[in-house]
1. For an R0 of 25 angstrom, estimate the FRET efficiency from the Cβ-Cβ distance between B:L136 and B:L101 and round to the nearest 0.05.
2. For Cα pairs less than 8 Å apart in space and 6+ apart in sequence, what is the mean separation divided by the residue count of the range B:44-154, i.e. the relative contact order in percent?
3. Give me the accessible area buried between chains A and B, both sides summed, with a 1.4 Å probe, in Å² rounded to the nearest 100.
4. Only Cα pairs under 8 Å and at least 6 apart count here; give the relative contact order of chain A as a rounded whole percent.
5. Just report the Cα centroid separation between the range A:58-75 and the range A:121-196, whole Å.
6. Just to be sure I follow: if Rg is taken over the C-alpha atoms of the range A:200-288 and Rh is the Kirkwood radius over the same atoms, what is Rg/Rh?
7. Report the gain in length on full extension from A:M61 to A:D346: 0.36 nm times residue separation, minus Cα-Cα distance, nm rounded to one decimal.
8. Note every residue of the range B:192-207 with a reduction of at least 20 square angstrom in accessible area, all protein chains present versus the isolated chain, computed with a 1.4 Å probe, or write none.
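The values are calculated or read from the model by the stated rules, or taken from the named source; none is laboratory data. Computed from a predicted structure; not experimentally measured. Every residue, glycine among them, receives a Cβ derived from its backbone with ideal geometry; neighbour counts consider all protein chains shown. Accessible surface areas use protein heavy atoms only, side chains included; no ligands, DNA or RNA. Shrake-Rupley method; radii C 1.70, N 1.55, O 1.52, S 1.80 Å.
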Amino acid sequence: MTTDVPVLEIDGLTVDIAIDDDRRVPVIADVALSVGAGEILGIVGESGSGKSMTAMSIMRMLPGAASVRHGSVRYAGRDLLAMSESEMTALRGEEIGMIFQDPLAFLNPLMTVGQQIAEVLVLHGTDRRRARARALELLRLVGVRDPESRIDDYPHQFSGGMRQRVIIAIAVANNPALLIADEPTTALDVTVQAEILQLLTRLRDDLGAGLVLITHDIGIVEEVCDSVAVMYAGRIVEHGRTADVLRQPRHPYTRALMRSTPRLGLADRRRLPAIPGQPPDLARRPAGCAFHPRCPLASEQCTAEEPPLIRLHDAEAHRVACWAAGETEPPAAVEVAAPPPVRETDPSPILEVRDLRVGYQRRSLLRRGGPRDYAVDGVDLHVRRGRALGLVGESGCGKSTLARTVVGLLTPSSGEVRVAGGSWTGGRRERAALRRTVQMVFQDPYSSLNPRQTIGTILTEPLIVHGLHRDDRPGRVEELLGLVGLSTSLLDRYPYQLSGGQRQRVGIARALTLEPELIVADEPVSALDVSVQAQVINLLADLRDKLGLGILFIAHDLSVVRHLCDEVAVMQRGHIVEYADTASVFESPQHPYTRSLLAAAPGARTVKEQL
Amino acid sequence: MSVIVRTGETSAPTVPTRRPQRRYVAAVLRTPRGLIGLVLVVGIILVAVVGPWVIPQDALTQGPDALVGPSGTHWLGTDEVGRDLFARLLVGTRVDLVVTLIAVPISGVLGTLLGMVGMLNRFAGSFCQRLFDVLLGVPAVILGIAVALAVSPGMGSVIIAIVLVTMPKFGKQSRTALLGQLPQEYVAAAEVLGYPRSRIMFRHVLPNILDAIFVRFAVEMAQAVVVEGGLSLIGLGIQPPQPSLGAMIKSGSTYLFDHPLYSMAPVVVVVGLVAGYLLLADALNEANLRR
C-alpha cells in the first residue's frame, strides 16, 4: 500500500521540556518514523511515553515549555520544522488534519456544526455557498444520518460519537494527505469506538491519506493499523508491520504490554500477568535501556548502554531496540496464582439490591415534583462474601448511580439496598455501622485523594474519626500500606508526587481502613495505564481472597471484569439485561446488547481468528 | 456517570522534596508582578510603621509656618495650621493600614464561612447568598454613609463599612470555589468514610479553596484603602485631628494649585498601596492557575 515518497518522514526527532528554571529533560529522543500514502501507522504507549508529544511536534503545536532539540519532520519532502509560522498555518487543516481526543472540548458550543465545518473550508479558500454544500457532503461521508436536518444543529445536540464524526469531518474537509488522530476513541463507548475506527479505515481507503493513530490500546492497533511503533519513555522500542510486531513481538516491553492487556480470549479468573513497577518519571529516567528495571531479561549491558533501534534479519522493516532481542524469556516469569482459599460453595450475600429505582426529579418551570427520570430502573442483584460481581455498561447506563446508591451517597426512590442486613434508611446507629461495612474505590485517582493531605494523613484520618486503633495507628497504617503493596516511605508524600497506580493503591488502602466487608469499585482502573491496570485488578483479586471481601466492580469494558469477577451483570439504560456467572456471559451471551459489547471490544475479531 | 479518561501526558515530572506551600510562595515571588507588588506593599508598611518614630516632627503639633512648601525641616511642607505634612502622611498611612488590616481579615473570615454555610444547611446557605446580593447592590460609599449615620463617624464606622462592602465578595468567592470542589471525588470519599459534614467542610474543602480566598484578600485590601479614602474625603471617615489618607486628600484639595504636594502625596500612597495589592493578587492568581 505504501508508495515511494512517504507522506510523513520523521528522523532523529528529539524534544525536550523545561521542568524547572534550569533543568530540561528529553521527552522524546531519536524518534524515526515514516508513513506512506494510504497507510495507517499506530503509535502505542503508556502515559509519558511521548506519543502525544510526537504528534504535537508534527503539527508544530508543542506546549510552551517544550522545544525541538534536533531532528527533522518532513511532510511530502518539505521540512515542517524549518517552515515559517504562516506556511505552517496554511498547511494545518488544508493538507494535514488533526483529530483530538475530547470531541466536546474541540467544538465551539456557540457555532452550529455546519458553520464549523464550513469555517475550515472558507479559511482555505472555498467560497461560502460551496462550503455549505461541501459540509453536507462531508457529514454524509462521516456517517451522520440525514445531514440536511443536522447541519444547523449545535454540538450539544450531538452524542459523543456523533461529535467525534463532526471533528473527523472537519479534519478531512480539505482532503488532507495526512491525518493525525490522538486517542480519537478514548473518550467514547466501546460500541461507538468500533464505528469510529471503521470510519477512519474507510476514509483512508476513500481519500488515500496517510494516518497516524495514537493510542494506548494495543487492540486498536491490531484491528486497524498497517504498521506500529511501540514507544516507551520517549523512545521507539519496537517498530514494524503490525502483523510482524504483534505476531512476533521482540521487545520484552511489547510482549509484556500485550500480555497485560485484558483480553476477551483469555480464560476466566486467571491472573493477569502484570508488568512489575511503573513507567519511569521523565526527570529520573533510568540509565541504559529505560525498561531495564521492569525487564525480566535485563543484563548488565542493559543498565549501562542504551540499545539502538536496529533492523532484524528475519523480517523486513521490523526494528527493535533491545540488547536481548534474540533471546526468549524464561518461562518462570508466569506468576502462579496462589491456590484460591477453600471457597464456600454458596456464601451468604453481603449486598442485596431489590427492585431498586433511583430517579432524578425532572424540573419544570411551573411545578416541582414532576415526572422522574429513572437512572436505575428496577434492578435486582446481590454480591456474596468473598465473591466479585462485575457490573458492565456504557456511559449513561446508570451503573455509577447504582454504585453511589449502594454506598449511601444517593437515596433510592424505591426498592431496597441491604448491606450485611442493614439499610441506609435505618436509624443513626444502623447507618454509622453501615459506613464501616461498605466502602468505595473511586474512578479518578487524581481527584479522589485530597491534594492538601499527605498519604499518612489520608490513611490515619478514618481511624481518628471512627476512634479505631487508638493505641497503634501508625502500625495500622503501615499494615494497610503493606496490604496494597506500597512502601512506608510514601507516608509523607502528597498525592501529586505519586503515580496514577500508586494513588489508586492509596485509594484502595483508604477503603480498607475501616475493615469493610463490601467494596464498591467504580471504574477503578479506567484512568490507569494498561500495565498498571493489571496490577490493580490482581490486587483486588488478592484482597477478595485474603480478606473475604465482597466486591462490586463497575466497568465500561467487559474484558476487564473477566479476570476478577465470579459473576457479571450487564446494564443498559437503567436495567440489567443479562446477569449470570462470568463463563456463561462470555461463552454464550444471551442478550443482543451483551453480544454487541463483546463484538465491539478491540481485538475481538483477531482474537477469534487466532482461536 | 461518563467515563473520564486521562492519558496523563500532561503530568509534569515533579521534584518531591519541597513542600507545596514553599513552592507556592516561590512561584509568586518569581514573577515580576509578585515581586513588585510585595516590595510596594511591604515598603509602604515598613515606612509607615517605622517612620513616625524616626522623624523628629509630630503629626498633631501645630506650628507658626502654615502652608509652606517643602524644606529641610518640613520635607513635604506644612498644612493650613502649620503641621508637618510628611509626619501626617506617615501617621495617616499607618491609620489606613490599621483600619484595613482590622477590617479585611474580619470580613474575609466572616465572608468565607458564610459563603460555605450552604454545605451544612441549604436554607441558611441561600439566605446568606441573597444577603450578599443585597449588600452588593448598594454602592460602597452609600453603604458607608448609612453606617456613619447609624453609628457616629470615626474609625469604628469605617471598619464596619469596609466589612460590609468586602464581605459579600468573599462570600461569593468562597461559594464559587466550594461549588468547584464539591464534585471532586475526594469529597464523596470523605462522605463514604463517614466523616461529619463540618469536618469535610473545614478539614478537606476549606484548605483547597484557600488560594482563591488569598487572591480575593489582596483585591479587597485595595478596595478597603479606596473605601477609607472615599469616606474620609466626604468627611464621614476618620475624624480630625487624626490624619488619614482620605482626609488629607480632602483638606489638601482646597490648596491644589498653591500647594499641590498637600493632596498629591497621599494620592501617590493610595495608588501605591492599591497597585501593590492588585499586583500581588494577580501573581497569586497566576500561581494558583499554574498548580
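1. Efficiency for this residue pair is about 0.60.
2. Relative contact order for the range B:44-154 comes out at 17 percent.
3. Between A and B, the summed buried area is about 4100 Å².
4. Once normalised by length, the contact order is 14 percent.
5. Comparing the Cα centres of the range A:58-75 and the range A:121-196, I get a distance of 27 Å.
6. 1.02
7. 96.8 nm
8. B:V192, B:L193, B:G194, B:Y195, B:R199, B:R203, B:H204, B:P207
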